[in-house]
Every structure is written in structure tokens, then in C-alpha cells.
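S.K.: This is the structure, below, for whatever I ask next.
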Amino acid sequence: MATVAAGGSKRGGGRGRKALVAVLDNEANISAGKAAKAGDLSASSAQKAKRASSKSGKAAKAAAAASAVVDDVAELQGMLERLRLEKEKAEEMVRERDEVIRKKEEEIETKEKEQERLQAELRKVQRAKEFKPTVSFPLVKSLLEKELDGDDKGKKKGKGKAGLERKKPCPAYVLWMKDQWVEIKKENPEADFKEVSNTLGAKWKALGAEEKQPYEERYRLEKEAYLQVVGQEKREAEAMKLLEEQQMQWTAKELLEQYLKFRQEAKEGDGKKGKRKNSKKDKDPSKPKQPMSAYFVYSQERRAALVAEKKNVPEIGKITGEEWKNMTEAQKAPYEEVAKKQKEEYQRQMEVYKQKKIEEAASLEKEEEEQKKIMKQEALQLLKKKEKADNIIKKTKEKRQKKKQENADPNRPKKPASSFILFSKEARKQLLEERPGINNSTLNALISVKWKELSGEERQMWNDKAAPAMAAYKKEMEEYTKAHSSSA
């Protein structure tokens with residue numbers, strides 16, 4: 001029993017230990033759970049603290065970021081303002097540049113138009129320059145110009161006044177003084193000009209009329225001859241001038257006809273390109289040609305062979321130049337001898353040519369002198385005709401004036417002013433008030449224009465003003481004519 005009790009106690013003890021262990025385990029688990037829960041609570045509180053601290057950090061960061069954003073926005077706004085101002089400034093500059101460009105374009109356009117106008121005028125002038133008249137200008141003018149050129153050359157050389165101008169004759173006292181000057185100088189060689197002049201003046205005053213008479217007679221004859229020559233020269237000059245004017249009139253008429261014909265042809269052929277005329281001066285065919293140099297003599301000799309080799313002109317020049325440079329003096333000598341002979345022949349021909357030209361110039365001068373004499377004679381005949389015509393006109397005028405004076409009757413009624421005269425008096429006063437200082441010819445022209453511009457009614461008004469005086473004049477003239485005829 002005891003064993004059973006013991007056994008029972010043992011089995012009961014085993015069960016109790018297991019239950020205790022289980023209880024202990026449960027308690028441990030509970031305590032562990034509580035500890036775990038406490039740990040979890042502490043961990044969660046730590047996490048919450050971390051979260052709170054992280055949230056506060058984030059808030060600070062967010063505030064800092066917000067302030068940074070505000071600063072950035074302010075900076076961006078400032079930049080935008082600056083950009084806006086720069087944009088406005090740039091736009092203003094662009095507008096100014098566009099205005100400058102527009103003005104430049106207008107200037108260029110104006111210049112182009114002006115250039116086109118000038119080119120058109122230039123083309124006209126060029127067409128006009130091409131006008132070459134075939135009319136020969138008066139020979140009188142060319143001869144007179146040659147004489148003037150000769151006078152100018154004489155002046156430049158120091159010959160004094162014009163060569164054609166006559167020297168005036170010396171007075172009687174000067175002629176006598178020339179004869180006595182040498183004798184006075186012989187008597188008093190050391191006397192100066194003033195002393196000699198005073199001495200001669202005193203002697204001349206002391207001379208009698210008989211002693212002075214030969215010198216005065218000589219002066220009179222020289223003066224008559226001088227006046228005759230000068231008068232003849234003046235008359236010839238006047239005659240030549242008259243002939244020149246007549247010839248210039250004929251020439252001008254012919255020249256005008258040729259120019260009008262040229263203008264007509266230019267208009268018809270405008271736009272067509274004409275052939276370019278050679279403006280080079282024509283060479284004298286009789287003038288000797290220049291001699292060739294030694295090199296040209298050599299190149300002339302070599303040319304035939306090089307042409308046979310089908311060399312062109314530049315190649316021929318290059319080859320002959322190189323060959324000539326490489327030649328020795330002995331090789332060049334024959335060509336230099338030929339060139340020397342040609343030069344001597346050229347100089348001889350030039351001497352003959354120059355002599356021929358001198359003879360031709362002398363012959364031409366002689367012909368011009370003959371032509372001048374003939375023209376002077378023609379000019380004198382023309383002057384005589386002119387003087388005769390002038391005398392006839394003068395005599396006719398004198399006869400008319402004399403007849404008018406003889407026929408003038410103080411009792412004859414005077415003709416009254418016409419309507420135009422009455423109008424011109426009124427218009428003259430008005431125009432002189434409006435335009436003080438106007439000349440007479442312009443004033444008369446303006447009055448004529450005003451009279452022509454009057455209407456029929458206005459002109460009739462002036463005719464009515466002049467009509468009573470004209471009617472009275474006609475009545476008086478009838479009475480005067482009757483009385484004159486009855487007395488005759």
C-alpha cells in the first residue's frame with residue numbers, strides 16, 4: 001500500500017512536476033511575452049521617437065527647401081525682369097537698325113535713280129559727241145587766230161606789244177634830241193641822263209622857228225604816213241570782221257542743218273549699236289618707217305623657220321629671245337651691222353622728209369598769205385557795200401525826217417489815245433505799285449499779256465472810253481481836211 005502510495009506518490013509527483021514545469025513555462029512565456037511586449041513597446045516608442053525626430057528633420061528640411069525655393073523664385077523673377085528689359089532694349093535697337101536700314105535703302109534707291117538719270121544724260125552726251133560736222137569753218141577766223149597766236153608768241157619772247165601794232169612817230173623835239181645827243185655826250189662824257197636832257201631842253205627852247213621847221217616837217221610827214229597806215233589797218237580789220245560775221249552766219253546755218261539731220265538719224269537709229277570708229281590719228285604715209293634693232297633683224301630671219309615648225313607668235317618671241325640672249329658678241333655682230341645701216345638710211349630719209357615738210361609749210365604759208373589778200377579784198381568790197389547801204393538808209397531817214405518837218409502843221413488835230421493806250425496807262429500805274437523797280441521791257445510785256453487776257457466785255461469797256469475822243473478827232477480831221485483843200 002505504501003509502495004502503491006509511494007508509487008502513487010511518485011506518479012503523482014511526476015505529474016506535479018510536469019504541471020509545474022508547464023506552469024513555470026507558461027509563466028515564463030507570459031513574462032517573456034510581457035517582456036517582449038515591453039520590448040515591442042519600447043521599440044515602437046523608439047521608432048515613434050525616431051519618426052518624430054525624422055518628421056521634425058523633414059519639416060526643417062522642408063522649411064529650408066521652401067526658403068530656398070522662395071529665394072530661387074525671387075532670383076528667377078529678377079532674372080526675368082532683367083531679361084524683359086534686355087529684350088525691350090534689343091527690340092529698340094532692332095527698330096533703330098531697321099530704320100537705319102530703311103533709310104540706307106531709300107538712299108541707295110535714290111542714288112540708283114540718279115545714276116540711271118546721269119547715265120541717260122551721258123548716253124545723250126556721248127551720242128552728241130559723235131556728231132562730226134563736215135562743214136569747214138571760216139578761213140578768216142583761222143587766219144585771225146594765227147595772227148593772234150603770233151602776237152602772243154612775240155609778247156612772250158619780250159618783243160613788246162603786238163607785232164602788227166605800228167610804232168608812233170617821234171615828235172620834232174625827240175627827233176632833234178636824237179641828232180644832238182651824241183654831240184652833247186662828246187662835249188661832256190661824264191654827264192648823266194638828267195643833265196643831258198636839261199641841256200638839250202634849254203637849247204631846244206632857244207632855237208628859232210626856221211631851225212625847228214625841218215624836224216617839225218619830218219614829224220608831220222611821219223604822222224600823216226602813220227595815220228594813213230593805221231587807218232587802212234583799222235578799215236581792213238573792220239572789213240575782215242564783217243566778212244567773218246557773214247561767213248559765220250553761213251557756217252552756223254549749215255552746221256544747224258547738219259546737226260538737225262544728225263539728231264533725226266540718231267533718233268531713228270537709237271538702240272542700235274553702231275560700229276566702233278577708230279579714233280587713232282592717221283599716220284603720214286610719206287614718213288619713213290622706224291629702223292629695226294639687231295634683235296628684230298635676227299627674229300625676222302628666224303621667223304620663217306619657226307613658222308614652218310608650226311610655232312605660234314608668243315612661242316616664236318620666247319624662242320628668239322632666249323636664243324638672242326645666249327648668242328655671243330661675234331654672233332650678234334652681223335645683225336648689229338644690218339641694223340646700223342638701216343638706221344643710217346632712216347636718218348637720211350628723215351632729213352629729206354623734214355626738208356619736204358618745211359617746203360610744204362612754206363608753200364602753205366604762201367598760199368595762206370595769198371588767200372588772206374584775196375579775202376581782204378572781198379572784205380573791203382563787202383565793207384563798201386555796207387557803207388553804201390548805210391549811207392542810203394541814213395539819207396532816206398534824213399529825207400523822211402525833213403519831209404515830216406516840212407509837212408508838220410501845228411493846226412493839224414492830234415490823234416487821241418487808243419483803248420490799248422488808255423488801258424496801258426492804268427495797268428502801268430498798278431504794276432509799278434505792285435512791283436517797284438521793274439524794268440521797262442518787262443513792264444511792257446506784262447501790260448501786253450494783261451491786255452490779251454481781257455475778256456470781250458472788259459475790252460469793250462476800254463473801247464467805249466476811247467470812242468468819244470476818237471469820234472471828236474474824226475470830226476476835227478474832216479473839218480481840217482475841208483479847210484486845207486479849200487485853201488489849196
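The values are calculated or read from the model by the stated rules, or taken from the named source; none is laboratory data. In this text, all values refer to a predicted model and were calculated from it rather than measured experimentally. Virtual Cβ from ideal backbone geometry, glycine too; neighbours counted across all protein chains shown. Ligands, DNA and RNA are excluded from the accessible area calculation, which covers all protein heavy atoms including side chains. Shrake-Rupley method; radii C 1.70, N 1.55, O 1.52, S 1.80 Å.
S.K.: Confirm whether GLU116 is open to solvent by 90 Å² or more (accessible area, probe 1.4 Å) and not β-branched (Val, Ile, Thr). Walk me through it before giving the result.
M.R.: Numbers: open to solvent by 90 Å² or more (accessible area, probe 1.4 Å): yes; not β-branched (Val, Ile, Thr): yes.
Here the answer is yes, as GLU116 does meet what is asked.
S.K.: Among the listed residues LEU144, LEU148, LEU175, identify the single one that is open to solvent by 80 Å² or more (accessible area, probe 1.4 Å) and either modelled with pLDDT of 60 or more or outside the structural domain of GLN258 (by the TED database) (or both). Talk me through it step by step, then tell me what you get.
M.R.: Values: LEU144 fails: open to solvent by 80 Å² or more (accessible area, probe 1.4 Å); LEU175 fails: open to solvent by 80 Å² or more (accessible area, probe 1.4 Å).
On inspection, the qualifying residue turns out to be LEU148.
S.K.: Can I ask one more? Looking only at segment 395-443, which residues are among the polar types (S, T, N, Q) and touching a helix residue (DSSP H, G or I) at 6+ places or on another chain (Cβ under 8 Å)? Even if it seems obvious, please write down each step before you answer.
M.R.: First, the residues of segment 395-443 that are among the polar types (S, T, N, Q): 396, 401, 405, 407, 411, 418-419, 424, 430, 439-442.
ASN411, SER418, SER419, SER424 - these are the residues of segment 395-443 that are among the polar types (S, T, N, Q) and touching a helix residue (DSSP H, G or I) at 6+ places or on another chain (Cβ under 8 Å).
S.K.: Can you give me the number of residues within segment 241-251 that are surrounded by 17 or more Cβ atoms within 10 Å (Cβ to Cβ) and either free of Cβ contacts under 8 Å to residues at least 24 places away in the same chain or under 14 Å from GLU387 (Cα atoms) (or both)?
M.R.: Qualifying residue count for the region: 2.
For every residue, the table says whether it meets (1) of a type outside the set (Asp, Glu); (2) modelled with pLDDT under 85; (3) part of a helix (DSSP H, G or I).
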| residue | (1), (2), (3) |
| --- | --- |
| GLU86 | no, no, yes |
| MET93 | yes, no, yes |
| ILE101 | yes, no, yes |
| GLU114 | no, no, yes |
| ALA120 | yes, yes, yes |
| VAL125 | yes, yes, yes |
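S.K.: Kindly establish whether ALA472 is over 52 Å from the mean Cα position of the chain (by Cα), surrounded by 12 or more Cβ atoms within 10 Å (Cβ to Cβ) and not assigned by the TED database to the domain that holds GLN247. Steps first, answer last, please.
M.R.: On the way: over 52 Å from the mean Cα position of the chain (by Cα): yes; surrounded by 12 or more Cβ atoms within 10 Å (Cβ to Cβ): yes; not assigned by the TED database to the domain that holds GLN247: yes.
Yes.
S.K.: Right, here's the next one. Consider segment 445-457. How many of its residues are surrounded by fewer than 13 Cβ atoms within 10 Å (Cβ to Cβ) and not hydroxyl-bearing (Ser, Thr, Tyr)?
M.R.: 6
S.K.: Additional query: One residue is enough: does segment 399-412 have a residue meeting the conditions without any contact (Cβ under 8 Å) to a residue 24 or more places away in the chain and surrounded by 12 or more Cβ atoms within 10 Å (Cβ to Cβ)?
M.R.: No, segment 399-412 contains no residue that is without any contact (Cβ under 8 Å) to a residue 24 or more places away in the chain and surrounded by 12 or more Cβ atoms within 10 Å (Cβ to Cβ).
S.K.: Going by the structure shown, is LYS325 modelled with pLDDT of 85 or more and of a type outside the set (Phe, Trp, Tyr)? Quick ask: steps written out before the conclusion?
M.R.: Numbers: modelled with pLDDT of 85 or more: yes; of a type outside the set (Phe, Trp, Tyr): yes.
Answer is yes for this residue.
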